[in-house]
1. Is there a residue being under 13 Å from the mean Cα position of the chain (by Cα), without any contact (Cβ under 8 Å) to a residue 24 or more places away in the chain, within 16 Å of the ligand (Cβ to nearest atom) and surrounded by 15 or more Cβ atoms within 10 Å (Cβ to Cβ) anywhere in region 77-97?
2. Can you work out which of the residues in region 98-115 that are touching a helix residue (DSSP H, G or I) at 6+ places or on another chain (Cβ under 8 Å) and not β-branched (V, I, T) is surrounded by the fewest Cβ atoms within 10 Å (Cβ to Cβ)?
3. Only one residue in S327, S342 is closer than 16 Å to K361 by Cα and outside the structural domain of K233 (by TED's automatic domain parsing). Which one?
4. Of everything in region 382-400 that's surrounded by 13 or more Cβ atoms within 10 Å (Cβ to Cβ) and assigned to a loop (DSSP other than H, G, I, E, B), which residue is farthest from the chain's Cα centre (by Cα)?
5. Could you count how many residues in region 328-374 are in contact with a Gly (Cβ under 6 Å, 6 or more places away or on another chain) and assigned to a loop (DSSP other than H, G, I, E, B)?
6. Tally up the residues in region 30-76 that are touching a residue at least 12 places away in the same chain (Cβ under 8 Å) and outside any helix (DSSP H, G or I), please.
7. From the list E285, E273, E268, pick out the single residue that is modelled with pLDDT under 80 and of a type outside the set (A, V, I, L, M).
8. Based on this model, can you work out whether V164 counts as surrounded by 21 or more Cβ atoms within 10 Å (Cβ to Cβ) and in contact with a Ser or Thr (Cβ under 9 Å, 6 or more places away or on another chain)?
Amino acid sequence: MNPLTNPTALGVDKVLIYIFGSSLLLLAGITIVMIWFVVRYRRSKCPEPTSDIHGNLWLEIAWTLLPTLIVLSMFWYGWTNYLGLRQVPENAFEVKATGRMWSWQFEYANGRTSNKLYIPVGKPIKVLLTSTDVLHSFFMPAFRIKRDTVPGVDTYVWFQAPEVGSYDIFCAEYCGTGHADMITTAEALSAEEFERWYNKNPTLVQNHGRQLMVELGCLGCHSFDGSSPIAPKFGKLKGAERNISNEGIKRTIRIDADYLRRAIRAPEADLVENFPPIMPPYGDEISEKDLDAIIKYLLDGAEEPKIDGNKLIKENGCLSCHSTDGSKRVGPSFKGLGKRTSEVKRDGQELKIKVNADYLKRAIREPNHDVVEGYPAIMPPGAQFSDEEVEAIIEELLKK
Ligand code: CUA
């Protein structure tokens, strides 16, 4: 298949042009003949009827058969192209899309989630559709695909992006006050860029050196806080002192790039005191360029990876119901959350609760435990988050 085509749009457009074109042709033909007859056989020209015909079998067969064939051809053409919309190419890349009040969430095979649909360009994409609450409708005009999402029903659409860029996604089924907010995009990326996006840990702040160390397994032995008994800790290493021994000769050095290079390429040369000599030397598996990235990261102060709470808030669609500027939407605004007292209903009883980390944790994990006065109880429980992620989110929320 030519990677630079938009097969679903081509199929639908062909059918549309065929039906619209043949309708137009018939309309024009009938109208022209009608006007011509009106002029030609006007009363002033033919005061008396010129003929008296009671039937013509061949004519009647022709005008019954021809329209039937035309209509059947429309059906056949439409049907075969509809099948094209339902038959997904075998090498399609699958993404799960969930409609909910009022945002779309996309989930990938490796567990990544986002609320924009990131896809590789030129590859067939199968979007598995479902809904958590009410009817929504997944609509991508650029690919002429639209399909309802129904709670408890799994269905799908497929498409293929012909070029790198942004394609609109709408909800095309009125689903409540936030319906108009269910707008997002599909971002078609080049294969390499998509690969990079797909394999990034979504919630960690990225650093190339750190990424490499995760992949190489360094963090299996080294800790950031000194809790590991088998290997020296990371942290701000630039200029830090270490007592090392080299074939029994002890000395104190200050850590610099050269030392780290040696410690990775030939760790048995300078051993840090009080740690067993178990670090394997790393040779070809780390390129010079990668080694530089790792050394820079270690010197500049490696830290415990931070989870990006703001990113989680954005990517999980929280902002489609909660504003950050104090305006009232479907859910309470995030603005000034940390300084607020929340009036809630718990089991029918009214309570006033100071908003703090505990309260927010409950609000995310079991949103229907305490329902904020004046808002509908529609928030889905945030079961997709790990405890660390919930903490990162709360930290951000309390800052707003
Ligand atoms: Cu969802 Cu309209």
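1. no
2. As a first pass, look at region 98-115 and keep what is touching a helix residue (DSSP H, G or I) at 6+ places or on another chain (Cβ under 8 Å): 102-103, 108, 110, 112-115.
Keeping just the survivors that are not β-branched (V, I, T) gives 102-103, 108, 110, 112, 114-115.
Working: W102: 24, S103: 21, Y108: 18, N110: 9, R112: 18, S114: 21, N115: 19.
Once the filter is applied, the top-ranked residue is N110.
3. Values: S327 fails: closer than 16 Å to K361 by Cα.
Result: S342 is the single residue among S327, S342 that is closer than 16 Å to K361 by Cα and outside the structural domain of K233 (by TED's automatic domain parsing).
4. K400
5. Here is the first cut: in region 328-374, the residues in contact with a Gly (Cβ under 6 Å, 6 or more places away or on another chain) are 330, 333, 335, 364.
Going one step further and asking which of them are assigned to a loop (DSSP other than H, G, I, E, B), we end up with 330, 333, 335.
Within region 328-374, residues that are in contact with a Gly (Cβ under 6 Å, 6 or more places away or on another chain) and assigned to a loop (DSSP other than H, G, I, E, B) number 3.
6. Number of matching residues: 0.
7. Working: E273 fails: modelled with pLDDT under 80; E268 fails: modelled with pLDDT under 80.
Every option except E285 fails the conditions.
8. Values: surrounded by 21 or more Cβ atoms within 10 Å (Cβ to Cβ): no; in contact with a Ser or Thr (Cβ under 9 Å, 6 or more places away or on another chain): yes.
No: the conditions fail for V164.
The values are calculated or read from the model by the stated rules, or taken from the named source; none is laboratory data. These figures come from a predicted structure and were not determined experimentally. Using ideal geometry, Cβ is built from the backbone for each residue, glycine included, and neighbour counts are taken over all protein chains shown.
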